[in-house]
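Take a look at the structure below.
The values are calculated or read from the model by the stated rules, or taken from the named source; none is laboratory data. A quick note: this is a predicted structure, and the numbers were derived from the prediction, not measured. Quick reminder, even Gly has a Cβ in these numbers, built from the backbone with ideal geometry, and neighbours come from all protein chains shown. For the accessible areas, the whole protein counts, side chains as well, though only heavy atoms, and no ligand, DNA or RNA atoms are used. Shrake-Rupley method; radii C 1.70, N 1.55, O 1.52, S 1.80 Å.
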Amino acid sequence: MTLTNLLYFLMLFKRTKTLLSPNTNLVKIPSTAAKFKCHICNKNTTVPFELWDFDKSISSDCKLIKSKPTIGNCLYCKSTVKKTSTTWKNEVSKIYNNYSIYSDSGGSEKVVFDSNQKTQKPRSEVIIETLINKVKLPHNMKILDIGTGSGVFLKAANKNFASASLFGHDINDNFMSELETIPNFKEFFYGNIDTIQTKFELISLIHVLEHVLDPIVFLKQIKTNLTKDGYLIINVPDSENNPIDLAIYDHCTHFQTTTLINVLGKAGFEVSFISNKKIPREIIIIAKIGKYKSISKNNETNFVRKNTAYLKSMYMCANNLRKNFEIDIFGSSLASIWLADQLSEWKGNFVDEDKNKYKKKINGKPIVSPSEVKKETNIFIPLEKEISKAIAKRLSSKNVTYHYTN
Ligand SMILES: [Zn+2]
């Protein structure tokens, strides 16, 4: 998505009263914690996690942010959220004013690897495949992609739904000429979403909702643009299984499957399909207008604690290695750039398999191919153990040693 002005989301709707009901009438709130306001339920019931002690974070377009976000868990609606203070809003406004689309994947759409880390597909194709397999959509439907950017989702939609009429929405028209080259592209909307009068059989929100300050009001508005039998498809990071998501400054909500279902339910949607496996570390959810079905229980697992511990152990592991030798860092997306920034005076390279990224630099550090690294290089992979193992196995060579967190 391209986001160039936070004001868009801030001004999108007049705040209306949208309160989530707690599971019980009695919500126990510790009296000592300095709680902050949850932007989902509007209650001052969010307890900050004090364990988050990294001084720096990263924007969703991979730029370093020298500011520390406050992250907390709302006791009322159970969401994990950032504190959306004036400081946070100002910082995020700066991020959106200089937003670089798909900078975490060299300017093109993120690719999804299969479980063996071998074959790969663009993210949009995986989402379209999921739609085709899980719900029935009319061939001549109207599709609206909100936060469409350069229209990668609409291009993938056109390949599979050749008769569908395509519509895009974004907060600026930077990609207008590119969108107009997509076959069956009918109309581009920009600015306030509540000015769109058309109804659609399919509306997509690909990596949008985690940025939205008032997701329930936003989804209620979108509902008015959906036909009675239409579907909404949402793709967001799966924060529970994606530790680096906590470090992404402009993500104000850290969704888990359970909290996403609850937010959709409160906006008047029922879930037709949900998966956090189709795209590793991301959630895909297909919903339609319906009644909120209470899920058996809110997942209160404290994933922030687990994920913060994971990021800390990754940092410690990489930092310990540097006592003996300098390391290169595998990858050049969010986790890699964040780790590089945490390591003081790191002088290595980013090692990446994506040839679109070669000869580019990130914060002055070159991106090189695995075949280009010098003899006896030590490469640290800032990913989960199983994925790291698969990568190390696939790229094993006499020249290099791969390291990762156990
Ligand atoms: Zn809340």
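A few points about this structure:
- Filtered residue count, the range 170-194, keeping only those that are of a type in the set (Val, Ile, Thr) and open to solvent by 90 Å² or more (accessible area, probe 1.4 Å): 1
- Output for the range 197-233, where each listed residue is more than 15 Å from His169 (Cβ to Cβ) and open to solvent by less than 10 Å² (accessible area, probe 1.4 Å): Glu210, Pro215, Ile216, Gly230
- Residue count for the range 136-145 under the criterion of being surrounded by fewer than 15 Cβ atoms within 10 Å (Cβ to Cβ) and under 26 Å from the mean Cα position of the chain (by Cα): the result is 0.
- Residues of the range 234-266 that turn out to be open to solvent by 10 Å² or more (accessible area, probe 1.4 Å) and β-branched (Val, Ile, Thr), as a count: 4
- Here the range 272-292 is the region considered, the condition is being of a type in the set (A, V, I, L, M, F, W, C) and open to solvent by less than 50 Å² (accessible area, probe 1.4 Å), and the residue that is farthest from Ile234 (Cα to Cα) is Ile279.
- Against the list (1) within 16 Å of the ligand (Cβ to nearest atom); (2) at pLDDT 90 or above, the condition Glu91 fails is (1).
- Of residues in the range 78-102 being closer than 29 Å to Pro122 by Cβ and assigned to a helix (DSSP H, G or I), the one most open to solvent (accessible area, probe 1.4 Å): Asn97
- Residue list for the range 161-206, restricted to those being among the hydroxyl-bearing types (Ser, Thr, Tyr), touching a Leu at 6+ places or on another chain (Cβ under 9 Å) and in a strand (DSSP E or B): Ser204
- Odd one out for Asn44 among (1) modelled with pLDDT of 80 or more; (2) open to solvent by 40 Å² or more (accessible area, probe 1.4 Å); (3) away from the ligand (no atom under 15 Å from the Cβ); (4) of a type outside the set (A, V, I, L, M, F, W, C): (3)
- Selection from the range 61-75 of residues that are open to solvent by 40 Å² or more (accessible area, probe 1.4 Å) and either in contact with a Cys (Cβ under 8 Å, 6 or more places away or on another chain) or more than 16 Å from the ligand (Cβ to nearest atom) (or both): Lys63, Leu64, Lys66, Lys68
- Any chance Asp55 is away from the ligand (no atom under 16 Å from the Cβ), in contact with a helix residue (DSSP H, G or I) (Cβ under 9 Å, 6 or more places away or on another chain), at pLDDT below 55 and of a type in the set (D, E, K, R): no
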